[in-house]
Amino acid sequence: MSKEKDRQPFISVRDLKKYFCLDNYKLAKAKTRYIHAVDDVSFDIYKGEIFGIIGESGSGKSTIGRCVLKLIDVDSGEIYFDGKNITHVSRKEQQELRSRMQMVFQNPLASFDPKKTIRFSLEESAKVHKIKPEVYKARIKQLMEYIALPEDLLTRYPKDLSGGQLQRLAIARALMLEPDFILADEPVSALDVSVQAQILNLMLDLKEDKGQTILFISHDLNVVRHVCDRIAVVYLGAVMEMGTVEQVYNSVAHPYTQALISAKPKEHPLENKKHILLEGDIPNAVDIPEGCRFAGRCRYFKEGLCDNRTPKLKDIGNGHYVACHFPLGIDRSKTASDM
Ligand SMILES: Nc1ncnc2c1ncn2[C@@H]1O[C@H](COP(=O)(O)OP(=O)(O)OP(=O)(O)O)[C@@H](O)[C@H]1O
Ligand SMILES: [Mg+2]
């Protein structure tokens, strides 16, 4: 396989839009208000990489994930999976896709049926997909070894297990159908810090051992830095910055990312770090501001430009993208309006 072929994206998201209608009752079209949950988002995920989406609460991370997994319909834009446009597929095709795309959610207790044993929950999808019992039983055995849990836990009910054990079992369940892609939406946010590392290391093992492709959603910069290869920083439904973890953390280009990184607690008490205050809250996603959506909170805000023209997401070198009129680290007097 040529190098070029290797770099074909496994998943491509193009100009994705998802708005939610805010009003329950019918209004004239012009008066209907929409939450702009996802607004023109594009990114690629390559096979075998962990791609992270990071941003504050309400920035649209989960909505992007749910659109990619076809759990909700998109308003516009396109989603390609393994070379195929899956934006509008039939119900039957959607079912086939389900086995190739799996998910792990934030709250492992809520993701298991409380009335069923763990074994039942693990076997369920295999039965639906008509996998032979000897095959899925052997697979469960292997997976329990892989997640380093004893098989006797399989006879227990979800309430009788710890959050860390359950999340490992949720990952095992996601692997039952040997999927090509896993969406992990805040998989460690509900867990004790002491068990977070176990789950994150398991994610890294999946990448190393199985070449698993993962979309990893989190609001925690430490977590994302630890597991992801590339990341997209989203703000109010739009990508502000995107690149490798090194590019985004070591050559930060967007003032929003800079503020997020600076707000992150020190990893070591002697770490020399200045805090940049991220003032105000994320604006509501209904009245999207004119121009740059981060303008109202940006310390480099320039009147007449930032509140007027929406900066396009542009490659500033080697696949490092930024949507800012004045990207950091670039001579600010020379950039401005051509961005
Ligand atoms: N089903 C829905 N109906 C109406 N609004 C929704 C729906 N799902 C999400 N939203 C809204 O869309 C916006 C983005 O929500 P989303 O859950 O994608 O954010 P998020 O980045 O995942 O946040 P968090 O970090 O809190 O999980 C929010 O304003 C949210 O209230
Ligand atoms: Mg979410």
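Where a number appears in this text, it was derived from the coordinates with a stated rule and is not lab data. Predicted, not measured: the structure shown is a model, and the values here were computed from it. Please note: Cβ atoms are built from the backbone with ideal geometry, for glycine as well, and neighbour counts cover all protein chains shown.
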Do you know the relative contact order of the chain, to the nearest whole percent, from alpha carbon pairs under 8 angstrom that are 6+ apart?
19
Amide H of Met240 versus every other amide H placed in the peptide plane: which residues, excluding those fewer than 5 positions away on the same chain, fall under 5 Å?
Val233, Val234, Tyr235
If R0 = 30 Å, then Ala197 and Arg14, at their Cβ-Cβ distance, give a FRET efficiency to the nearest 0.05 of 0.25
Please list, in chain and number order, the residues 5+ apart from Asn308 or on another chain whose amide H is under 5 Å from its amide H, with Hs placed from the backbone.
Cys292
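Starting with the fewest neighbours, write out Thr155, Thr257 ranked by other beta-carbon atoms found within 10 Å of each beta-carbon.
Ranked by crowding around the Cβ, least crowded first: Thr155, Thr257.
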Assuming a viscosity of 0.890 mPa s and a temperature of 25 °C, what translational diffusion coefficient in µm² per second does Stokes-Einstein assign to the chain, Rh being the Kirkwood radius over Cα pairs?
114
Would you mind working out the magnitude of the charge dipole of the chain relative to its Cα centre, with +1 at each Lys and Arg C-beta and -1 at each Asp and Glu C-beta, to the nearest 20 Debye?
680
GNM flexibility winner over the chain from Pro179, Pro133, Pro187 (Cα, springs under 10 Å)
Pro133
Using the structure shown, list the pairs from Lys92/Lys132; Lys47/Lys314; Lys17/Lys207; Lys70/Lys115; Lys18/Lys61; Lys18/Lys92 with a Cα-Cα distance above 18 Å, or answer none.
Lys92/Lys132; Lys47/Lys314; Lys17/Lys207; Lys70/Lys115; Lys18/Lys92
Per the helix-only calculation at 222 nm, which mean residue ellipticity applies to the chain, given -39500 (n - 2.57) for every DSSP H run of n ≥ 4 and division by its residues, nearest 500 deg cm²/dmol?
-9000 deg cm²/dmol
Cross-link candidates for Lys130: which aspartates and glutamates have Cα within less than 19 Å, leaving aside residues fewer than 8 places away along the same chain?
Glu93, Glu96, Glu178, Asp180
How high is the relative contact order of the range 105-165, in percent, counting Cα pairs under 8 Å that sit 6 or more residues apart?
51
If Lys and Arg each add +1 and Asp and Glu each add -1, what is the summed charge of the other residues whose beta carbon sits under 14 Å from the beta carbon of Ser76?
-3
Relative contact order for the range 66-178: what percent, with Cα pairs under 8 Å and sequence separation of 6 or more?
31
Only helices at least 24 Å long along their axis, Cα-based, and averaging -1.0 or more on Kyte-Doolittle count here, so list those DSSP H runs from the chain.
193-210
